[in-house]
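Taking it in order: structure first as C-alpha cells, then the write-up.
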Amino acid sequence: MSRKPVIGITADYSTKEHYSKYPWYALRANYADCLIKLGAVALVLPHDMEAINTYELMLDGLVITGGDFDIDPRYYNEDATSNMGNVIESRTSFEMAIFKQFYNANKPIFGICGGQQLINVTLGGSLIQHIPDVTDNSIAHSQPNPRHQTSHSVKIAEGSKLYNICGKKTIEVNSSHHQSVALLGKNLIASGVAPDGIIEAIEAINHPFCIGLQWHPEFFCTSDDQLIIQNFIDSCKK
C-alpha cells in the first residue's frame, strides 16, 4: 500500500470567549475532510514559528485557510479603512513565514479565501480592503444563500494551470469574502476573474503547485472543486 501524502492545514486563532475563556485554535471540519476523502492525511498546524522547519520536513503540502480575520494593510503599505475586520498578527506572521518556507522549497501550496490573499500579499501584492467600495455590488461576494451552493461564475484564463485542471472557460463557485486581490504579487498571474472584475484565482508561474482561490472549494459545490483539490493532492504525492 502506497504512503498517503501528509498535508498541513493552517488554523484560525481567537481569544473570543464563546468557545473558551482561553485562546483557542479552530478549523472548519471540511477543510480537513475534503483532503481525507480524496486520499490524503490532514494535520492541523499550530502557529509555532520555531516548528516551521520541522513542518516543512514532515509535510508534502500546505493549505492556507480563510477565517475570521483580515491581513493588516501595513503589510502592503496602506492605511486601514473603516471596513477592516479582525486582525490576528500572530496568525498572519506565521502563515507568511510558513508560506515562504514551502514556496522556496517548491512544495505544493493551496490558498483558500484568506489564504489566497495571504499568498498575494506575501509575494508583494496588495488587497482591495472592502469590495463594495470598488464595485457596483452586482455580485454578492458574501452570498446570502448557504455556502454549499454556488452563487456566481468565474472566467478561467486559458493556458493557466487552473484551466488545465478544470478544462473549462467558465465555472460556478460559492462566495464568502469582503476583500480580494488588487495588485498582483511577484510571479503571480490572475487565472480566474468574476464578472465584476474581482480576481477569484491566482497562481504562481514556474512553481509545481501554488494556487490561490477566493472561493471555498472544500464544500465540493461542483465537480470542478473536487478536481482542483484532487490535483493538489496528486501534486503532493510527487
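Taking the highest mean first, how do the peptides 141-151, 29-39 order by number of other beta carbon atoms within 10 angstrom per residue?
Per-residue Cβ counts within 10 Å, averaged per peptide and sorted highest first, yield 29-39, 141-151.
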Charges on Cβ only, +1 for Lys and Arg, -1 for Asp and Glu, centred on the Cα centroid of the chain; of 113, 59, 96, which one is farthest towards the dipole's positive end? 59
Simple spin-label estimate for residue 223 and residue 53 in nanometres, 7 Å along Cα-Cβ: 4.7 nm
Looking only at aspartates and glutamates whose Cα falls under 13 Å of residue 168's and that sit 8 or more positions away or on another chain, we get 158, 224, 225
How large is the translational diffusion coefficient of the range 198-238 in µm² per second when you combine the Kirkwood radius over alpha carbon pairs with Stokes-Einstein at 37 °C and 0.692 mPa s? 297 µm²/s
Per the helix-only model, the chain has a calculated mean residue ellipticity at 222 nm (DSSP H runs of ≥4, -39500 (n - 2.57) each, divided over all residues, rounded to the nearest 500) of -7500 deg cm²/dmol
How far apart, in nanometres, would the label points at residue 205 and residue 18 be if each is projected 7 angstrom from Cα along the Cα-to-Cβ direction? 4.4 nm
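Need the full-extension length gain, residue 168 to residue 183, defined as separation in residues times 0.36 nm minus the C-alpha distance. One decimal, nm. Provide the component values of the computation, followed by the final result.
Working: separation 15, 0.36 × 15 = 5.40 nm, distance 2.54 nm.
Full extension of this stretch gives 2.9 nm more.
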How big is the charge dipole of the chain about its Cα centre, in debye rounded to the nearest 20, if each Lys and Arg gets +1 on its Cβ and each Asp and Glu gets -1 on its Cβ? 740 debye
The range 168-238: radius of gyration and largest Cα-Cα distance (Dmax), Å: 12.5, 37
Give me the compactness ratio for the range 6-237, meaning the Cα radius of gyration over 2.2 N^0.38 Å. 0.94
Gap in Å between the Cα centre of the range 82-160 and the Cα centre of the range 1-37? 18 Å
Farthest towards the positive end of the dipole of the range 112-209, among 145, 123, 204 and with Cβ unit charges of +1 on Lys and Arg and -1 on Asp and Glu, lies the Cα of 204
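How much net charge surrounds residue 154 when only other residues with a Cβ under 9 Å from its Cβ are counted (Lys, Arg +1; Asp, Glu -1)?
Overall, the nearby charge balance is -1.
Coordinate-derived values only; no laboratory data. Note that the structure is predicted; figures quoted are calculated from it, not measured. Quick reminder, even Gly has a Cβ in these numbers, built from the backbone with ideal geometry, and neighbours come from all protein chains shown.
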